[in-house]
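Every read-out reported here was derived from the displayed coordinates using simple, explicitly stated rules and does not represent laboratory data. On a predicted model such as this, the values are computed, not experimentally measured, just so you know. Counting neighbours? That spans all protein chains shown, and the Cβs are built from the backbone with ideal geometry, glycine included.
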């Protein structure tokens, strides 16, 4: 029978965080970049609340979905110029509206004090992820940051998560995410999964025994339970 670790004992435990919708609320800036592309094509823009559910996917998927919502389909030939326009705008305005979710910073600090090794495992390009975390003054809290272009394949392939484990030099870890992509990544890497139910989703594949949290203050105890000795 497993016994939970004490709250101050997370030595040599890896904690892998998704970025968009899990650690940082980036929807405002991602929607703004998408709207910049839409406006350039003379199309109606998205309200943040309507574009929020698109924010957890790749830039290409987000652009494609936004164009479809505006009644226009993009061909394969149309996408590169729109993607470049999106990335140029997003890179220049990456932290205009983005912020850590409430109490994420204090929770991360507490986990580090307990001896945990922290990583970011995201499908955002690595350089953009590092830039965003630097601007939010938390980049130094993570031992490694693995982006969608870092490993051989992006999530939901297990390669990014496995690379995080290799870099952290841990065998025991937990994955924190907000979507089915994160859930499938965790399963493929044989890691327990804790779902942030306030993110962008979807989380349609969660089972009846899924572990979820609605506020970062609840996360440390859930991690301790998941990593019980």
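I want to check the label-to-label distance for residue 58 and residue 109. Put each point 7 Å from Cα in the C-beta direction and report it in nm to one decimal.
Output for this residue pair reads 3.8 nm.
Would you please classify the overall shape of the chain from the alpha carbon gyration tensor, given that a ≥ b ≥ c denote the square roots of the eigenvalues, rounded means a/c under 1.5, and beyond that prolate means a/b larger than b/c while oblate covers the rest?
prolate
Using a/c under 1.5 as the rounded threshold, could you call segment 149-224 rounded, prolate or oblate? The axes a ≥ b ≥ c are square roots of the C-alpha gyration tensor eigenvalues, and prolate needs a/b larger than b/c, oblate otherwise.
Oblate, since a/c reaches 1.5 and b/c is not below a/b.
Length gain on complete extension for the stretch residue 9 to residue 84, per 0.36 nm per residue less the alpha carbon to alpha carbon distance?
So the extension gain works out to 22.5 nm.
What is the distance, in nm, between label points placed 7 Å from the Cα along the Cα-to-Cβ direction at residue 190 and at residue 169?
Calculated label separation equals 2.2 nm.
Between residue 50 and residue 197, what length in nm is gained on full extension when 0.36 nm per residue of separation is reduced by their alpha carbon distance?
Extra length available between residue 50 and residue 197 comes to 51.2 nm.
When the helix-only estimate is applied to the chain (DSSP H runs of n ≥ 4, each -39,500 (n - 2.57), divided by the residue count), what is the mean residue ellipticity at 222 nm, nearest 500 deg cm²/dmol?
-11500 deg cm²/dmol
Please compute the length gained on full extension between residue 76 and residue 126, using 0.36 nm multiplied by the number of residues separating them and subtracting their Cα-Cα distance.
This chain segment gains 15.6 nm when fully extended.
R0 = 25 Å: FRET efficiency of residue 40 with residue 204, Cβ-based, nearest 0.05?
Once the sixth-power term is evaluated, E becomes 0.15.
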